[in-house]
Amino acid sequence: MNPVKWSAFVEADGRVHIVEMLDGVRKIKGLGVIDAKELFSGIDIGEEVLVGQKVLTRVPLRLPEMGKGMLRRAQTISAKDAGFITSRMGIGPSDSVLEAGIGSGGLSMYIARILGSSGIHVTVEPRSEHADVALENLRRCEESWTEFPSHHHIEGTIEEVANEISAISPSYDAIILDLPEHPSAIHAVASMLNIGGRMVCYCPVTSQLENAWIACEEEGLEIEWAGELIQRQWGKASKGGVRPVNGPFGHTAFLLLAYRRE
Ligand SMILES: C[S@@+](CC[C@H](N)C(=O)[O-])C[C@H]1O[C@@H](n2cnc3c(N)ncnc32)[C@H](O)[C@@H]1O
């Protein structure tokens, strides 16, 4: 059996720490200066360990832990929208998926998880300081999961690197655009969408949704769904019963799902 390279520890409040099991003493954000390998190697899944004042429980490093403990820079797509995007696009093993921009790699981790080892995942990002964070998050996934897609990262804007994208795969089953200017990106890559394939545009404001809608139709795509997803969490009330929790009921983005029929 290969030695475990990464492990996950959860605090009582749900905060997750993802730790690389390297030799030697070093500073780990949120945990202080420790020798991770010496301290954690003997701790089994489900067991507790005390680090400073914190009681941590070792847990399997599954997708939700990867998301909670991920490195962050650009705003990420969360489970609420990622679940809808990946299921409505029908992404699965052996598919080819194009994603721009990679940002922090939040959505990329969901895509990698469901593509498994037979899929192709191409990511594009012009800002190297964002890509560095995303690629580190994906490295954790690749080194922790039994399956991981053939992943290719391209530096640049999606408009500039269309040739490099098509050199990796001439066509794609799914294209996801989470970037500020959708129309030029849509015009650059829509011709690479397979018949039966779908494109999603993630649009924080309505003008982006409208512009993306028009550009998709100009490219001969049909709009299959447009809208936003509302999520309301429930919890236990202090005097008994369960009810919606007091907390954010926030807007994340408008989603546009477009389909290539012919
Ligand atoms: C909100 S972030 C993406 C977040 C990502 N979906 C996640 O879940 O972590 C948007 C990213 O698009 C990138 N971007 C902006 N214009 C772009 C373009 N023309 N082509 C590719 N990426 C672009 C930005 O640099 C930024 O990192």
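The set of residues in region 183-201 being surrounded by fewer than 24 Cβ atoms within 10 Å (Cβ to Cβ) and either aromatic (F, W, Y) or in a helix (DSSP H, G or I) (or both) consists of P183, S184, H187, A188, V189, A190, S191, M192. No other residue among I45, I18 is at pLDDT 95 or above, surrounded by 14 or more Cβ atoms within 10 Å (Cβ to Cβ), touching a Lys or Arg at 6+ places or on another chain (Cβ under 8 Å) and not assigned by TED's automatic domain parsing to the domain that holds A226 apart from I18. Within region 96-150, the residues that satisfy the criterion of being assigned to a strand (DSSP E or B) and polar (S, T, N, Q) are S96, T123, S150. Against the list (1) among the small types (G, A, S); (2) in contact (Cβ under 8 Å) with a residue 40 or more places away in the chain; (3) in a loop (DSSP other than H, G, I, E, B), the condition A258 fails is (3).
When only residues in region 96-138 that are among the β-branched types (V, I, T) and either outside the structural domain of H151 (by TED's automatic domain parsing) or touching a Leu at 6+ places or on another chain (Cβ under 6 Å) (or both) count, which is nearest to the ligand (Cβ to nearest atom)? If we take residues in region 96-138 being among the β-branched types (V, I, T) and either outside the structural domain of H151 (by TED's automatic domain parsing) or touching a Leu at 6+ places or on another chain (Cβ under 6 Å) (or both), then V133 is nearest to the ligand (Cβ to nearest atom). Per the conditions (1) of a type in the set (S, T, N, Q); (2) surrounded by 13 or more Cβ atoms within 10 Å (Cβ to Cβ); (3) modelled with pLDDT of 95 or more, the sole criterion not satisfied by Q75 is (3). The set of residues in region 120-133 that are more than 10 Å from E99 (Cβ to Cβ), in contact (Cβ under 8 Å) with a residue 40 or more places away in the chain and buried (at least 17 other Cβ atoms within 10 Å of the Cβ) comprises I120, H130, V133.
Here is a check on your reading of the model: is T206 under 30 Å from S7 (Cβ atoms) and away from the ligand (no atom under 16 Å from the Cβ)? Considered against the rule, which asks whether it is under 30 Å from S7 (Cβ atoms) and away from the ligand (no atom under 16 Å from the Cβ), T206 comes out as no. Right, T86: hydroxyl-bearing (S, T, Y), within 14 Å of the ligand (Cβ to nearest atom), farther than 15 Å from V200 by Cβ and at pLDDT 95 or above or not? It is false that T86 is hydroxyl-bearing (S, T, Y), within 14 Å of the ligand (Cβ to nearest atom), farther than 15 Å from V200 by Cβ and at pLDDT 95 or above.
The values are calculated or read from the model by the stated rules, or taken from the named source; none is laboratory data. Computed from a predicted structure; not experimentally measured. Positions of Cβ are backbone-derived with ideal geometry, glycine not excepted, and every protein chain shown enters the neighbour counts.
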